[in-house]
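Notes to accompany the following structure.
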């Protein structure tokens with residue numbers, strides 16, 4: 001037997017008569033609970049939202065907050081109805097009572113935010129984004145974001161506002177949110193760039209290209225027809241079947257291609273890291289931290305100490321225990337000229353280690369190897385969590401090798417350590433430069449696609465900084 005709503009309650013909600021409502025409740029205290037059991041129902045809150053009865057709606061929110069998330073038989077929540085009927089004050093009241101109401105999905109997965117975007121109400125759009133920033137991630141049943149809907153409904157002002165909000169967002173996770181929303185694909189694999197290109201919205205395309213860094217946007221993304229935004233903008237229309245065949249063929253070739261050894265090693269290492277439990281990962285990081293600390297301490301306090309003053313006196317008082325200035329030398333004594341030629345003769349300068357060159361070389365080799373391995377594993381285990389750890393570890397490595405250069409007992413060993421310091425200092429910049437150059441000169445890179453898209457949107461004479469790279473860095477076949 002279907003549960004019906006008392007007509008007197010509906011009339012009280014329509015008129016906003018709170019006293020009449022409580023008079024009805026005195027007759028049946030469980031009336032609102034009975035209504036709440038109906039999956040799709042036009043609650044008193046729906047009625048009040050439709051009629052703009054703010055006080056009555058707030059009273060319902062206080063008594064039955066669950067009504068605000070219920071859908072009526074048409075698939076609308078109270079906030080949806082308030083938006084459709086232009087009850088802006090009531091919408092803001094509901095938003096103040098529960099900011100997550102903007103994420104309630106109604107008919108076709110449309111949230112109140114999506115409705116505001118399709119309506120083009122900029123003021124409400126700002127209120128929604130400020131109250132609940134996460135609502136910009138919500139998608140419809142067709143996987144459309146607010147950006148998709150703004151472009152499809154020709155609401156360019158709403159689109160520009162969303163882009164501006166993403167650009168100025170400073171909250172936690174803003175970078176990941178920006179990248180996710182900008183590259184989101186709908187059911188046809190169209191990003192917001194594909195839609196803007198298909199509608200010929202050059203100003204909107206230019207706004208996106210000017211507002212975000214290159215690596216935030218995947219300009220090479222292809223939709224279900226196998227077309228990029230640039231190809232759509234150029235009206236390069238291909239048959240869907242041919243595009244699918246080409247895409248499938250490319251995937252088959254990539255899967256059949258033999259992997260490089262370094263890719264196999266990286267995959268194995270990644271799988272090993274993924275299989276580590278949180279407790280095991282924490283234990284390994286603790287051990288690595290202790291190893292790095294102990295090794296770095298050895299660069300500050302080497303075995304045997306350091307010379308306190310320059311000493312060139314190599315005379316000995318005991319042939320079994322050679323000494324110099326009452327300091328006993330190490331038992332590993334280099335007497336051959338070949339070893340001294342390779343690693344240099346002992347200088348015994350103030351601040352250098354009392355170890356002879358050969359013992360020091362062995363000590364340096366072992367500690368440096370352990371130090372580099374420990375740093376590598378520390379970075380490997382923590383980079384997926386945060387890249388902040390890279391800076392301190394980088395400068396710690398430079399400090400270690402520079403300290404070992406100062407301690408080196410010979411000029412040649414000191415030069416080797418200085419070389420290690422220089423390599424450690426420049427390696428990240430060289431790796432980054434090689435990666436950037438490879439990215440720039442590749443004819444199929446995201447950067448090349450960015451330049452071509454900017455040229456198509458802005459014209460050849462207005463490409464911004466891309467024009468400089470285009471003529472000074474890129475080869476002629478790209479320009």
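The values are calculated or read from the model by the stated rules, or taken from the named source; none is laboratory data. What you see is a predicted model; the values in this text were computed from it and never measured. Cβ: placed from backbone, ideal geometry, glycine included. Neighbour counts: every protein chain shown.
Structural remarks
- Elements of type helices (runs of 4 or more DSSP H) contained in segment 380-479, each with 2 or more residues being modelled with pLDDT of 75 or more, surrounded by fewer than 17 Cβ atoms within 10 Å (Cβ to Cβ) and touching a helix residue (DSSP H, G or I) at 6+ places or on another chain (Cβ under 9 Å): 390-407, 411-441
- One residue stands out among those in segment 387-413 that are farther than 27 Å from residue 285 by Cα and without any contact (Cβ under 8 Å) to a residue 60 or more places away in the chain: the one that is nearest to the chain's Cα centre (by Cα), which is 405.
- Some residue of segment 259-269 being part of a loop (DSSP other than H, G, I, E, B) and either surrounded by 12 or more Cβ atoms within 10 Å (Cβ to Cβ) or modelled with pLDDT of 80 or more (or both): no
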